[in-house]
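Colleague: This is the structure I have questions about; it appears just below.
The values are calculated or read from the model by the stated rules, or taken from the named source; none is laboratory data. Computed from a prediction, not measured in an experiment: that's the story for all the values here. Using ideal geometry, Cβ is built from the backbone for each residue, glycine included, and neighbour counts are taken over all protein chains shown. These area figures cover heavy atoms from the full protein model, side chains too; ligands, DNA and RNA do not enter into them. Shrake-Rupley method; radii C 1.70, N 1.55, O 1.52, S 1.80 Å.
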Amino acid sequence: MARLNLNEAVLVVVDVQERFMPVLFEPQRLVSACQLLIGGAKILGLPVLVTEQLPEKLGPTVTELREVLGSDYRPIVKAEFSAFANESFRRAFAATGRTQLILCGIEAHVCIRQTTLDALDLGYDVFLVEDAISSRYEFLYRSGVQSCLEAGARRTNAEAVLFELMTTAEHPQFREVQNLVKSLAPKIYGNG
């Protein structure tokens, strides 16, 4: 089983847009887990690619994520369900020269699933961040995640991703990442 590698991974944030939020299963968990991933990626110097599905209809990426992205907020606009079916995304991902996707966003059974299937077909490793994914209904979320896992994606969570990328408590950014985890984990996993 492949492990995440800081020099091979790209964080891919799929379609976490404003108009979806009122109808999603556990939207606060999704947004907080994505904030943790994006914040951690920025601390660790990991490339981040963000897609938006027809933003003129569905709005931009949610404010909370745009704020964490800051100047790295440069969404790739798409109409396709799979990010890899979009020419601009394919070029942007290929330009990183990396082979691992840390995948989060919505919806599990549509854009996440189709992006996963295409990434696997292209020979990339897909790490599905289960707590940073959602759909409109719980059933669709669980079904979508399960379908991706059965296709060959690897299940993980936002906190595990960051610690796996660092590999050691002696990593130069360990304390900064740990503080980020402590601030957001209660919103994701409870007791907060």
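Colleague: Considering only protein heavy atoms and a probe of 1.4 Å, how much of the accessible area of the stretch 68-127 is carbon and sulfur, as a whole percent?
Modeller: Ligands and nucleic acids excluded, carbon and sulfur give 50 percent.
Colleague: Which whole-number value in Å² is the accessible area per residue of the stretch 1-47, probe 1.4 Å?
Modeller: 38
Colleague: Then there is this: So, with +1 on the Cβ of K and R and -1 on the Cβ of D and E, and no other charges, what is the size of the charge dipole of the stretch 1-87 about its Cα centre, to the nearest 20 debye?
Modeller: 140
Colleague: Defining a contact as two alpha carbons under 8 Å apart and six or more residues distant in sequence, what relative contact order in percent does the stretch 61-192 show?
Modeller: 19
Colleague: Can you bin the chain into rounded, prolate or oblate? Criterion: square roots of the alpha carbon gyration tensor eigenvalues sorted a ≥ b ≥ c, rounded for a/c under 1.5, prolate for a/b above b/c, oblate for the rest.
Modeller: Since a/c stays below 1.5, the shape of the chain is classed as rounded.
Colleague: Pop out the carbon and sulfur fraction of the accessible area of the stretch 1-53 as a percent, whole number, probe 1.4 Å.
Modeller: 51
Colleague: Given a 10 angstrom Cα cut-off, can you work out which residue in Gln53, Gln178, Gln114 is the most mobile in a GNM of the chain?
Modeller: Gln178
Colleague: Can you order the peptides 163-170, 148-155 by their average number of other Cβ atoms within 10 Å per residue, highest first?
Modeller: 148-155, 163-170
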